[in-house]
Structures are given as structure tokens and as C-alpha cells.
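Engineer: Sharing a structure, written as C-alpha cells. Questions coming.
The values are calculated or read from the model by the stated rules, or taken from the named source; none is laboratory data. Note that the coordinates shown come from a computational prediction; the quantities given were computed from them, not determined experimentally. With ideal geometry, Cβ positions are generated from the backbone for all residues, glycine too; neighbour counts draw on all protein chains shown. Just so you know, the surface numbers come from the protein's heavy atoms only, side chains and all, with ligands and any DNA or RNA stripped out. Shrake-Rupley method; radii C 1.70, N 1.55, O 1.52, S 1.80 Å.
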Amino acid sequence: MKLSDRLQLLLEQVPEGSRLADIGSDHALLPVAAVQSGRAASAIAGEVNAGPYEAAIRGVAEAGLSSRIAVRRGDGLEVLEPGEADCITIAGMGGSLIAAILERGQKLGKLAGVMTLALQPNVGEDILRRWLLGSGWVLTAEHILEEDGKIYEILTAVPEGEAARTNEELYSSRTLFGGKVECDQNLLLQMGPWLLQSPNRVFAAKWQGEISKLEGILAALARSELEAAEEKRSKVMLQIKRIREVLECLPKDRL
């Protein structure tokens with residue numbers, strides 16, 4: 001099965017032989033590819049919406065994998081029993097929604113036995129990083145790619161105690177790019193601790209685009225006479241300054 005570059009990279013984060021649960025599985029493309037490739041020994045495709053749920057049932061049946069992939073309809077991790085999966089993938093949603101799904105699932109014990117989270121937020125990556133940091137998960141890898149004119153990030157995390165580095169080490173303040181940029185925890189959460197260590201052309205393009213968005217916000221704030229607008233304007237200007245400092249120091253041979 002031919003996956004999009006985004007889903008293929010997500011698939012590569014799934015450890016060999018996993019018991020996979022793909023939440024918001026749409027047409028179950030990822031679980032089918034995972035089982036066919038041997039990445040997953042078995043899989044659960046969870047989908048809350050009727051149309052994609054029916055499409056997932058058809059896709060799994062057409063692949064001849066109905067005995068190894070269970071298609072279930074439900075909201076978030078409600079489709080799982082505790083201990084049923086050791087790898088969870090969630091893709092194509094906002095970071096805040098993914099964090100909310102994981103938070104509800106963790107409270108219900110649905111993350112028991114899960115050793116890998118492979119997550120692809122469309123926006124709000126910093127929100128998801130903050131949830132992982134505060135909920136006992138450590139980022140072990142970050143990837144960024146561009147496909148069909150859109151930029152995606154993929155975050156891979158494991159439980160604390162299973163990673164080679166601790167969150168304290170991962171988010172400790174440091175200087176990067178030959179000591180030219182001071183990165184505190186907030187900047188690392190915003191831009192990604194692993195991505196900042198190995199920036200590429202797509203990373204630079206993403207953050208140049210973010211500067212353009214922030215400049216649009218500045219223009220709108222300049223037209224406001226509210227006192228709060230000036231405070232907001234100062235914060236946005238600081239954001240732009242910090243992002244520009246990073247972009248100006250990126251190694252040119254990686255761009």
C-alpha cells in the first residue's frame with residue numbers, strides 16, 4: 001500500500017511487532033500498512049465519524065486483514081481497553097485536541113502498557129509538547145516535512161524512564177548554533193528541542209511563515225486603541241525577535 005509521505009513517516013515511528021491503535025483512523029490506511037509491513041502484529045482502527053468508520057471496515061476487509069485489525073467506532077481512546085495496545089498513533093488533528101484525547105485516556109487508564117506515542121498535530125505542536133512534558137512522556141524524536149504545500153511535524157514519545165534522556169535534560173536552557181542563540185524552556189517547547197538541534201529547509205520555511213502571521217497580528221493591533229493591545233503588541237514583537245534570532249543563525253549547509 002502506498003502511503004502519503006506524512007503517513008509513511010508516521011508509520012516509521014511504530015516499533016516492529018507493535019500492537020497498534022490508530023485513533024482517528026479515517027480509512028484505516030495506516031493500520032493496514034502497519035500490519036502488511038510487519039510494523040504491527042495487530043491493530044485497532046478507531047474512528048468516531050460514521051463515514052470514515054464504514055470506509056475503514058471496507059478497507060480492512062479488502063486487504064484481507066479483518067482477523068488482525070479491529071475497526072471500532074468511538075471517541076478517542078474510548079475504543080481501547082487498558083493494556084490492549086503498546087503503540088498509539090494520532091494524526092491530522094490540532095495539538096490541543098490530541099492532548100485532550102490523551103489526557104482523557106490517561107485518566108481512564110487507557111495508556112496502561114503503551115510504550116510509544118507517534119503524533120502528527122496539524123497545528124499547536126507546542127501545546128502537545130507541554131502536555132507530554134507535564135504528563136510523564138519524553139520526546140525521543142521530532143520530524144518535519146512538507147507535502148502538498150503543507151508543513152507537518154511528527155512527535156514521537158515514550159514513558160519517562162524508558163528514554164535515554166530525561167525531560168529535565170531535554171528542556172534545560174542551552175546555547176545553540178555556536179553559542180549565538182540562548183534557548184530557554186519556552187523556546188524549546190515552541191520550536192521543538194530535537195528540531196532545533198537539526199533544523200532543515202522545511203523548519204526554516206515554517207518559522208518564516210510564522211513571522212509573517214505574527215506581523216499580520218501586529219498590523220491589526222496597531223489599529224486598536226485598547227490598552228491591552230499595547231501589551232499584546234509587545235509580546236508579539238518579542239516572539240518575532242526570538243524567531244528571527246534563531247533563523248538568522250541556522251547553519252546554511254542544512255537549508
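Engineer: For the stretch 152-182, which positions are farther than 14 Å from Gly192 by Cβ, of a type in the set (Gly, Ala, Ser) and touching a helix residue (DSSP H, G or I) at 6+ places or on another chain (Cβ under 9 Å)?
Structural biologist: Ala163, Ser172, Ser173
Engineer: What helices (runs of 4 or more DSSP H) completely inside the stretch 184-255 contain at least 2 residues that are farther than 29 Å from Thr166 by Cβ and touching a strand residue (DSSP E or B) at 6+ places or on another chain (Cβ under 9 Å)?
Structural biologist: 201-222
Engineer: For residues that are of a type in the set (Lys, Arg) and surrounded by fewer than 16 Cβ atoms within 10 Å (Cβ to Cβ), scanning just the stretch 199-231, find the one that is farthest from the chain's Cα centre (by Cα).
Structural biologist: Within the stretch 199-231, the match that is farthest from the chain's Cα centre (by Cα) is Arg223.
Engineer: Also, quick follow-up: Restricting to the stretch 59-78, count the residues that are in contact (Cβ under 8 Å) with a residue 12 or more places away in the chain and farther than 23 Å from Ile127 by Cβ.
Structural biologist: Residues flagged as in contact (Cβ under 8 Å) with a residue 12 or more places away in the chain and farther than 23 Å from Ile127 by Cβ within the stretch 59-78 amount to 11.
Engineer: Output the residues belonging to the stretch 26-41 that are open to solvent by 10 Å² or more (accessible area, probe 1.4 Å) and either touching a residue at least 40 places away in the same chain (Cβ under 8 Å) or at positive phi (or both).
Structural biologist: Within the stretch 26-41, Asp26, Gly38 qualify.
Engineer: Looking only at the stretch 165-198, count how many residues are small (Gly, Ala, Ser) and loosely packed, with under 13 Cβ neighbours inside 10 Å. Talk me through it step by step, then tell me what you get.
Structural biologist: The first filter runs over the stretch 165-198 and keeps only residues small (Gly, Ala, Ser), leaving 172-173, 178-179, 192, 198.
Going one step further and asking which of them are loosely packed, with under 13 Cβ neighbours inside 10 Å, we end up with 173, 178-179.
The qualifying residues number 3.
Engineer: Hey, another quick one. Restricting to the stretch 208-242, give me the number of residues that are without any contact (Cβ under 8 Å) to a residue 24 or more places away in the chain and not small (Gly, Ala, Ser).
Structural biologist: Going residue by residue through the stretch 208-242, those that are without any contact (Cβ under 8 Å) to a residue 24 or more places away in the chain are 212-213, 216-238, 241.
Next cut, not small (Gly, Ala, Ser) only: 213, 217-218, 221, 223, 225-227, 230-233, 235-238, 241.
Qualifying residue count, the stretch 208-242: 17.
Engineer: Of the conditions (1) farther than 24 Å from Gly74 by Cβ; (2) in contact (Cβ under 8 Å) with a residue 40 or more places away in the chain, Val138 satisfies every one except a single condition; which number is it?
Structural biologist: (2)
Engineer: Conditions: (1) open to solvent by 60 Å² or more (accessible area, probe 1.4 Å); (2) at pLDDT 95 or above; (3) not in a helix (DSSP H, G or I). Leu155 meets all but one. Number of the miss?
Structural biologist: With (1) open to solvent by 60 Å² or more (accessible area, probe 1.4 Å); (2) at pLDDT 95 or above; (3) not in a helix (DSSP H, G or I) applied to Leu155, the lone miss is (1).
Engineer: Among the residues in the stretch 55-65, are any surrounded by fewer than 18 Cβ atoms within 10 Å (Cβ to Cβ) and within 26 Å of Ser135 (Cα to Cα)?
Structural biologist: no
Engineer: While we're looking at this one, here's another question. List the number of the failed condition for Asp5; all other conditions in (1) under 19 Å from Ile101 (Cβ atoms); (2) out of contact with any helix residue (DSSP H, G or I) (no Cβ under 8 Å at 6 or more places or on another chain); (3) among the charged types (D, E, K, R) hold.
Structural biologist: Going through the list (1) under 19 Å from Ile101 (Cβ atoms); (2) out of contact with any helix residue (DSSP H, G or I) (no Cβ under 8 Å at 6 or more places or on another chain); (3) among the charged types (D, E, K, R), Asp5 breaks only (1).
Engineer: Would you pick out the residues in the stretch 1-25 that are out of contact with any Phe, Trp or Tyr (no Cβ under 9 Å at 6 or more places or on another chain), open to solvent by less than 60 Å² (accessible area, probe 1.4 Å) and not in a helix (DSSP H, G or I)?
Structural biologist: Leu3, Ser4, Gln13, Val14, Pro15, Gly17, Ser18, Leu20, Ala21, Asp22, Ile23, Gly24
Engineer: Go through the stretch 44-71 and count every residue that is under 23 Å from the mean Cα position of the chain (by Cα), under 14 Å from Leu20 (Cβ atoms) and not β-branched (Val, Ile, Thr).
Structural biologist: 3
Engineer: Among the residues of the stretch 22-37, is any touching a Cys at 6+ places or on another chain (Cβ under 6 Å) and not hydrophobic (A, V, I, L, M, F, W, C)?
Structural biologist: Scanning the stretch 22-37, I find no residue that is touching a Cys at 6+ places or on another chain (Cβ under 6 Å) and not hydrophobic (A, V, I, L, M, F, W, C), so the answer is no.
Quick grid of which residues meet (1) open to solvent by 20 Å² or more (accessible area, probe 1.4 Å); (2) charged (D, E, K, R):
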residue	(1), (2)
Gly92	yes, no
Leu97	yes, no
Glu103	yes, yes
Ala112	yes, no
Thr116	no, no
Asn122	yes, no
Arg129	no, yes
Leu133	yes, no
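Engineer: Out of (1) open to solvent by 60 Å² or more (accessible area, probe 1.4 Å); (2) touching a residue at least 40 places away in the same chain (Cβ under 8 Å); (3) over 23 Å from Ala163 (Cα atoms); (4) hydrophobic (A, V, I, L, M, F, W, C), what's the single condition that is false for Ile44?
Structural biologist: Only one criterion in (1) open to solvent by 60 Å² or more (accessible area, probe 1.4 Å); (2) touching a residue at least 40 places away in the same chain (Cβ under 8 Å); (3) over 23 Å from Ala163 (Cα atoms); (4) hydrophobic (A, V, I, L, M, F, W, C) is unmet by Ile44, namely (1).
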